[in-house]
Structures are given as C-alpha cells and as structure tokens.
Amino acid sequence: MISRSSTEFFLNLRSTDALLPSSVNVPSSGKTLCNGKSPGNITKDSYLYDLLKTDKMMVNSIHHQAIKEPGENFSLQAVSADGIIESIKVKDRKFILGVQWYLEYNFKQNKYSQLLFKAFIDNCL
C-alpha cells in the first residue's frame with residue numbers, strides 16, 4: 001500500500017519541472033565532482049559526506065538529464081564543479097539516497113562506490 005507521503009514523494013520525483021531538459025548540455029565522462037578550485041563538492045553537513053568521509057571525488061557522469069532543483073523533501077548531497085546536482089537524499093528517511101553517476105562501472109577500483117554499495121546492503125538487511 002502506498003501512503004500519501006509516499007505518493008507525494010514519487011510525484012515530486014516525476015515532475016518534469018524538477019529536471020533540466022535533455023537539450024541542456026550536461027557534461028559527461030569522468031568529470032571531477034570537486035577539484036578544490038570551484039564551489040562544486042559533497043556537502044560537508046550531509047549523509048553522503050558522513051558516509052564517504054570526503055568532500056571530493058571523481059564521478060562518471062554519463063547522463064542526458066539532471067535535477068534542476070531538489071524538491072522540498074530532499075537535501076542536497078553533492079553538486080559537480082559545473083553546477084550539476086550529483087546526489088540528493090530524502091530528508092526524513094534513513095537511506096533513500098540518489099546519485100547521478102554509475103557506481104557499478106568502477107566499484108572494484110573505487111572505494112567510494114564500495115562504501116555506497118555497502119551502505120545500501122547494510123540498510124536493506
């Protein structure tokens with residue numbers, strides 16, 4: 001059964017006004033989430049920062065759409081140096097975390113991907 005709050009949550013996610021259009025030039029292929037020279041980074045007061053213990057990492061952003069503005073039930077977790085929102089989290093839930101990059105592409109070599117997969121599994125058990 002889907003509760004009213006669950007329905008509102010999914011409607012918020014599905015709103016086309018919440019996405020940058022496909023025609024926007026969304027950068028791709030291995031860009032730096034934060035290079036220390038620009039404002040884009042993992043938000044220091046966030047679940048993602050607490051989990052990864054870093055404010056910068058490489059991401060493989062291969063996408064044609066991006067979040068323009070998170071809904072009111074979401075907290076911003078990470079923004080790339082070029083301003084693309086890379087991660088959000090539902091505020092009042094323990095582990096509903098969204099990332100814009102592909103963890104599975106390099107999880108064997110990337111400790112941050114491994115930490116995110118481990119957190120997902122731990123929160124499912």
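The values are calculated or read from the model by the stated rules, or taken from the named source; none is laboratory data. Nothing here was measured: the structure is a model prediction, and the numbers come from that model. Here the Cβ is made from the backbone with ideal geometry for all residues, glycine too, and neighbour counts use every protein chain on show.
Quick one: what pairs do we get from the range 109-125, first residue on the phi < 0 side of the Ramachandran plot, second exposed (fewer than 12 other Cβ atoms within 10 Å of the Cβ), C-beta under 7 Å, 6+ apart or different chains?
Close Cβ pairs satisfying both conditions: 123/94.
Out of the residues in the range 85-110 meeting the condition of being assigned to a helix (DSSP H, G or I) and surrounded by 12 or more Cβ atoms within 10 Å (Cβ to Cβ), tell me which one is modelled with the lowest pLDDT.
From the range 85-110, those assigned to a helix (DSSP H, G or I) are 103-105; that's our starting set.
Filter once more, so that each one left must be surrounded by 12 or more Cβ atoms within 10 Å (Cβ to Cβ): 103, 105.
Values: 103: 82, 105: 79.
Only one residue tops the list, namely 105.
In the range 76-125, how many are of a type outside the set (Val, Ile, Thr) and farther than 12 Å from residue 47 by Cα? Steps first, answer last, please.
Here is the first cut: in the range 76-125, the residues of a type outside the set (Val, Ile, Thr) are 76-78, 80-83, 86-87, 89, 91-95, 97-98, 100-120, 122-125.
Adding the requirement that they be farther than 12 Å from residue 47 by Cα leaves 80-83, 86, 100-115, 117-118, 120, 122-125.
The number of residues fulfilling the criteria is 28.
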